[in-house]
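See below for the structure under consideration.
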Amino acid sequence: MSIAANIAESYGRDNLGYYIQFLRLAQGSLKELETHLLIAQRVEIADSAETAPLLGAAERLGKILRGLIRKLEEAR
């Protein structure tokens, strides 16, 4: 939830600098989620069959966020 919330909050501020800053916060939240999934695997709360699709989706989202940040920084 915090990933989407950071993106929405930044977009609503109507300021490019804030938008980029909050997109970076969203990236941090995404890394937190990935860490939680890996820990869940390690402590055997979830197995890799359950976490692999989520980690794959997180990786794709991370690429999208990095690309968006890069484009926005070029537009400054």
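Quick one: Cα convex hull volume of the stretch 2-75, Å³ per residue?
Convex hull of Cα atoms, per residue: 67 Å³.
Quick one: LEU30, LEU16, fewest Cβ neighbours within 10 Å first, how do they rank?
Ordered by Cβ neighbours within 10 Å, fewest first: LEU16, LEU30.
Out of the stretch 29-65, which GluC sites (Glu not before Pro) are coil in DSSP terms and have no more than 16 other C-beta atoms within 10 Å?
GLU44
Calculate how steeply helix 16-42 sits against the longest principal axis of the alpha-carbon atoms of the chain, using the helix alpha-carbon long axis, and give the answer as 0 to 90 degrees to the nearest 10.
0 degrees
Return one number: the angle in degrees, 0 to 90 and rounded to the nearest 10, between the long axis of the Cα atoms of helix 48-75 and the longest principal axis of the Cα atoms of the chain.
That works out to roughly 10 degrees.
Which value, in debye to the nearest 20, gives the size of the charge dipole of the chain about its Cα centre, when Lys and Arg are +1 and Asp and Glu are -1 at the Cβ?
400 debye
Compute the length gained on full extension between LYS31 and SER48: take 0.36 nm times their separation in residues and subtract their Cα-Cα distance, giving the result in nm to one decimal.
Computed gain between LYS31 and SER48 is 4.4 nm.
Compare GLY28, GLY12, GLY62 in a GNM of the chain, Cα atoms joined below 10 Å, and give the one with the largest fluctuation.
GLY12
Could you work out how far helix 2-12 tilts from the main Cα principal axis of the chain, as a 0 to 90 degree angle to the nearest 10?
10 degrees
Can you give me the distance in nm between label points at LEU61 and ALA4, each placed 7 Å from the Cα along the Cα-to-Cβ direction?
Between LEU61 and ALA4, the simple spin-label model gives 0.9 nm.
Which order do THR35, THR51 fall in if you start with the one that has the fewest other Cβ atoms within 10 Å?
Exposure proxy ranking, most exposed first: THR35, THR51.
Just so you know, all these numbers are worked out from the coordinates, no wet-lab data involved. Quick caveat, the model's predicted, so the values are computed rather than measured. Cβ coordinates were reconstructed from backbone atoms using ideal geometry, including for glycine residues, and neighbour counts include every protein chain displayed.
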